Amino acid sequence: MDDSILEVRGLTVRFYTYAGVVKALEGINFDIREGETFGIVGETGCGKSVTALSILRLVPSPGAIEEGEITFKRNGRFDDVMDLDEEELRRIRGNEISMIFQEPSDALNPVYTIGEQISEAFYAHRKEEMVKEVISDLEEEIKNSDGFRKRILGFENSLYQKMLENPDSLMLEFFSNIPILNRYKDRLKEEARRRSIEMLEDVGIPDPEGVFDKYPFEMSGGMNQRAVISMALACRPNLLIADEPTSNIDVSIQRRILDLIDDMKDEFGVSVLHITHNLGVVAENCDRVGVMYAGEIIEIADIEELFDNPLHPYTEMLLGSVPSPEKERLPEVGGSVPDLISPPSGCRFHPRCPRADEFCEESSPALKEVQKDHYVACRELEGE
Ligand SMILES: Nc1ncnc2c1ncn2[C@@H]1O[C@H](COP(=O)(O)OP(=O)(O)OP(=O)(O)O)[C@@H](O)[C@H]1O
Ligand SMILES: [Mg+2]
């Protein structure tokens, strides 16, 4: 599709554990369109995080992507993430696609302060913009000074210009090794600090200046998660993957974070993959949504369409429109999700489905477009 930024086709992921092979994702398909927020919703253990990690090729051992294509639009053409080498993947991660991990500890380095880590995100992804800002401040200062000071500032300015032209220049390398001269970098450091503190403030961290100098272990899980969000936003990616971005965060701050992600979307046209098990969050924040069940995406539709006209029996159950003996256990209790080492045959939902018949035990339905932009994987609806 022309307007998509990411296309996932037939993605299959397994974990080779001692207990057996966990069939975590079974040939899932979805697209994320440019500028939209695509939600993925489903019960715990259904494969949401594994989907997110696959996009960045970060599925941890003993897991492996067995099959599938993950194509990502870069400068107008699609690259298959599966074909990229480590160096190119590093360039994509954080730069073009950034991720708010479900577990903040996966994203934070325990040996650096929060401030160092957010500053690093600014250096890595927004350096040019910061250098330009420093140059413009310096030019103002040069205008207002004279004599020796003017000459020194002029020299400093030329170093920044050089940095802009060629960040790897040997001349810069030379000056940055001379203690008295390497102070020219301080302004950039100050600029990164200013921006990081602003970012921490934006995500509702009280005392952002104090937090800037703290280590992750000195902060609560919720605070660390907010710091991770600051880092992801500092990168200003084309695609932001947010895996339960507000799960450890006070309800009072959640709205603020979601608004911040929305602002970034409006201002910079960022596409968002928003993973959650909270249907309210989906309803309020997503344009389209994919419903996952036991390692498969079983329905995709526009948000309003999904809520008004859910087609898959599982989606109906999730939305509460169909009475189910298990309903009070939905959607958060893990026990009701099938074991992915030996999932049910045929349609994985059939043991819980009020409409299942013997065919559903045998054949696994493919995701099909049954109405415009409304996809569903259910035998009952095939051919409609
Ligand atoms: N490192 C791992 N080793 C073995 N199995 C794993 C590993 N990581 C995930 N899995 C399995 O893959 C399946 C999908 O897990 P995933 O973390 O994607 O679920 P989820 O939908 O994100 O759940 P939650 O809502 O709890 O975050 C689960 O059955 C899980 O047990
Ligand atoms: Mg998860």
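Each reported figure results from applying straightforward, stated rules to the coordinates on display, with no laboratory input. Quantities reported herein were computed from a predicted structural model and do not represent experimental measurements. Virtual Cβ from ideal backbone geometry, glycine too; neighbours counted across all protein chains shown.
Values for this structure:
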| quantity | calculated |
| --- | --- |
| Relative contact order for the chain, counting Cα pairs under 8 Å that sit 6 or more residues apart, in percent | 23 percent |
| Per-selection Rg to Rh, the chain - Cα, Kirkwood hydrodynamic radius | 1.06 |
| Under 20 Å from LYS132, Cα to Cα: lysines that are on another chain or at least 8 residues apart | LYS143, LYS150, LYS162, LYS185, LYS189 |
| Distance in nm between pseudo-label sites at SER363 and ASN182 (7 Å out along the Cβ direction from Cα) | 6.8 nm |
| Tilt relative to the chain, helix 251-268 - C-alpha long axis, 0 to 90 degrees, to 10 | 70 degrees |
| Rounded to 10°, Cα long-axis angle of helix 147-165 versus longest principal axis of the chain | 30 degrees |
| Candidates PHE307, PHE359, PHE122, ranked by Gaussian network fluctuation over the chain, Cα under 10 Å, top entry | PHE359 |
| HIS374, HIS274 arranged by Cβ crowding within 10 Å, fewest neighbours leading | HIS374, HIS274 |
| Highest-fluctuation residue, ASP259, ASP207, ASP168 considered, GNM on the chain with Cα pairs under 10 Å | ASP168 |
| 10 °C / 1.306 mPa s Stokes-Einstein diffusion coefficient of the range 99-247, Kirkwood radius on C-alpha pairs, µm²/s | 95 µm²/s |
| Base-10 log of normalised Debye intensity for the range 114-196 (one unit scatterer per alpha-carbon) at q = 0.11, 0.12, 0.21 Å⁻¹ | -0.30, -0.35, -1.04 |
| Aspartates and glutamates whose Cα lies under 18 Å from that of LYS23, excluding same-chain neighbours fewer than 8 positions away | GLU43, GLU66, GLU67, GLU69, GLU296, ASP339, GLU361, GLU362 |
| Net dipole in debye of the range 114-196 [+1 Lys, Arg Cβ; -1 Asp, Glu Cβ; about Cα centre; nearest 20] | 180 debye |
| Formal net charge of residues neighbouring ASP373 (Cβ-Cβ distance under 10 Å; K, R +1; D, E -1) | -1 |
| All-pairs Cα distance distribution in the range 167-293, expressed in whole percent, bin size 5 Å | 2, 9, 17, 18, 15, 12, 9, 7, 5, 3, 2, 1, 0 |
| nm² value of the averaged projected area, convex hull over the Cα atoms of the range 1-144 | 12.4 nm² |
| Selection from SER145, VAL134, GLN161, by position along the positive dipole direction of the range 114-196 (Cβ) | SER145 |
| Fluctuation leader among GLU362, GLU140, GLU116 - the chain, Gaussian network, Cα springs under 10 angstrom | GLU140 |
